[in-house]
Every structure is written in C-alpha cells, then in structure tokens.
Amino acid sequence: MSPNDVSNFISFVTIGIIILLIFIPIGIALILANKTKVTTKLRTKNLSEITDSDIAKMTPSERNRLQNDVYNHIAEMMTEDFRKIGWTNWNPDIHATPEQLDRIKRASDSYNGIQLRKYSPNTTTGIIRGSSCKIYLTCGNGCSCPDFRKRGLPCKHMYFIAMNHNEYKSVLSEYDFVPYSAEDNTLYGLNFCILGRNQAAVKEYIHKHAGTFGQNSWWNISAVIVNGETQSQKLISAQENRVIVMTFDDLRSFCDDIKSIESMYHMEKS
C-alpha cells in the first residue's frame, strides 16, 4: 500500500468517525424524544392520542402498562355511567377485571343485537331483548339473564342499559304487539312469581300489562313481586338464586313511568 493510499484510508476513517459522532447523538436524541412523547401520553392518560406507531416503539413493560391504563380507563367510564344512572351499589373495581371488560366490550358492540325495549328512568329498570332474542328484566340490582344468575356480577345487558338508557326514545315503536286481552305490552311477556297478600290483584295487574305469572323454576322467573311484608322460604330461595325482587309498588311505578313516556312520545309523533 502506497503512502497516498494510507493517507486516503486514514482520511476516510476519520470522516466516518466524525459522521458517526455527529449523527449517533442525534439518533439517540430522536429515540429518546419519541419515548418521552409516548411516556408522557401514558402518564397523562391521553390514551386516544396513542397510535399503532407508538405501540410498536414500546417495551413489553410499557405495553403492559398501556393495557392496564386502558382497562382502568374503561372501568372509570363505566363507574361514571353506573353513578349517573344511580347504580352505586357495585364496587367500581369489578369493572376492570378481564371477565367484566369482555361484557363491556360485547355491550358496546354496535352489532350485538341487543335492544332496549322498555325503560323507566324513575326506577332505572328496563326490559332488554338480548342477542338471542330472549327478553330480560334488567335493573341496578341485577338481570334475569342466565349470566347474572350464574355469577351475580353485572352482565352485558346491565352495561348496555348504563351506556344507552338516554337513547330509549329512539327505539320506541308504536307498532309493539299487544297480546289479546291485555291493555298494553308494557311487561313484554315477562314471567313473575308473586308473594304476599292479595295475589289476585297483582296477577290481574300483571296480566293487564302483558306479563305472565307462575313458577316452574327460578330460571324462568323474571322477578319476584312481593305485595306487603313477607319473609318466606320461597323469598329466601329466590334471593339465593339471584332473582330480582320488587315490591308491587315498584312494579306499578315501572309500568306507570313507561306508559307516561310512551304516551308523550306518541303525542309528539302525531
């Protein structure tokens, strides 16, 4: 190798080192800046600003933290929805569990097939047509669906009401089928067990509003209607099986509220 070749080689290496010394710090600074932006978004909970590109730059621990932040954020929103509707008897922490997050996700899916058929703002109780087209009674204390009966925790129907109760009027239909011999379809075929005094009057009221009564098993009962003070083994059994318990006054308030809302709706439409 000639002296010129050696000199050229040294010059080339020197230039390369200078370039590296200039651009490596710049690259490190850019990486740190991006990491800082992502960390800031996580710290300030600006979750909606986090992009797929941000996630791709995260470490596994940061992704786990993001997932936990998302879960907690959803739980906080659902806690607020429950508070607004008056369902404050549930521990807010339950909404952040994987099982509950799955039910929240299904309740928020626009293709879930769930419909709020009746809703009473005064009693915060509704009648839901589930994704399987079965009809359930749903309130802040529970739901008549199998999921709530099995677990005793908020089901997707409860979450659906908490998220959509303000949209009730948009699904009202003046073409609701009214069964023969009933005055209206307020109770939508729900099946009740009746306890207490003057059960004939309670049955007549339920029948008038298109409900049914009787008991084959608790799985087929939408709610227990108690008229007057009673403490029977049947009531204890219903509570053990997580069946909704209402007083006769509760039922009348529910029906009166719905009839009032629907009457106003039809007057506005005419």
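So what's the gap between the Cα centers of the range 102-146 and the range 217-270, to the nearest angstrom?
Rounded to whole Å, the Cα centres lie 15 Å apart.
Do the alpha carbons of any pairs in Lys156/Lys208; Lys118/Lys150; Lys105/Lys156; Lys118/Lys234; Lys134/Lys234; Lys118/Lys259 sit beyond 19 Å of each other, and which pairs?
Details: Lys156/Lys208 30 Å; Lys118/Lys150 24 Å; Lys105/Lys156 8 Å; Lys118/Lys234 28 Å; Lys134/Lys234 25 Å; Lys118/Lys259 10 Å.
The pairs that break the limit, which is 19 Å between Cα atoms, are Lys156/Lys208; Lys118/Lys150; Lys118/Lys234; Lys134/Lys234.
At a Cα cut-off below 16 Å, give the aspartates and glutamates reachable from Lys203, other chains included and same-chain residues fewer than 8 away excluded.
Cross-link targets: Glu183, Asp184, Asp249, Asp250.
Could you give the radius of gyration (one decimal) and Dmax (whole number) of the Cα atoms in the range 181-221, in Å?
10.2, 28
Can you give the direction-averaged projected area of the convex hull of the alpha-carbon atoms in the range 66-107, in nm²?
The Cα convex hull of the range 66-107, projected and averaged over all directions, gives 2.7 nm².
Relative contact order for the range 121-250 using alpha-carbon pairs under 8 Å, separation at least 6, rounded to a whole percent?
Computed value for the range 121-250: 23 percent relative contact order.
Amide H neighbours of Leu190 under 5 Å, counting only residues 5+ apart in sequence or on other chains, H built in-plane at 1.01 Å?
Hits under the 5 Å cutoff: Thr212.
Say each of Lys57 and Met163 gets a label point 7 Å from the Cα, pointing the same way as Cα to Cβ; how far apart are those two points in nm?
3.1 nm
Taking 0.36 nm per intervening residue step and subtracting the Cα-Cα distance, what contour gain separates Arg197 from Met77 on full extension?
Stretched fully, the Arg197-Met77 segment lengthens by 38.9 nm.
Which FRET efficiency, nearest 0.05, do Glu204 and Glu240 yield, Cβ-Cβ r, R0 22 Å?
0.15
Express the Stokes-Einstein translational diffusion coefficient of the range 90-141 in µm² s⁻¹, to the nearest whole number, given a Kirkwood radius over alpha-carbon pairs, 37 °C and a viscosity of 0.692 mPa s.
Values: Rh = 12.3 Å.
D, rounded to a whole number, is 267 µm²/s.
Quick note: the coordinates plus some simple rules give every number you see, no bench work behind them. Source: prediction; values computed, not measured. In this analysis, Cβ positions are derived from the backbone assuming ideal geometry, glycine residues included, and neighbour counts consider all displayed protein chains.
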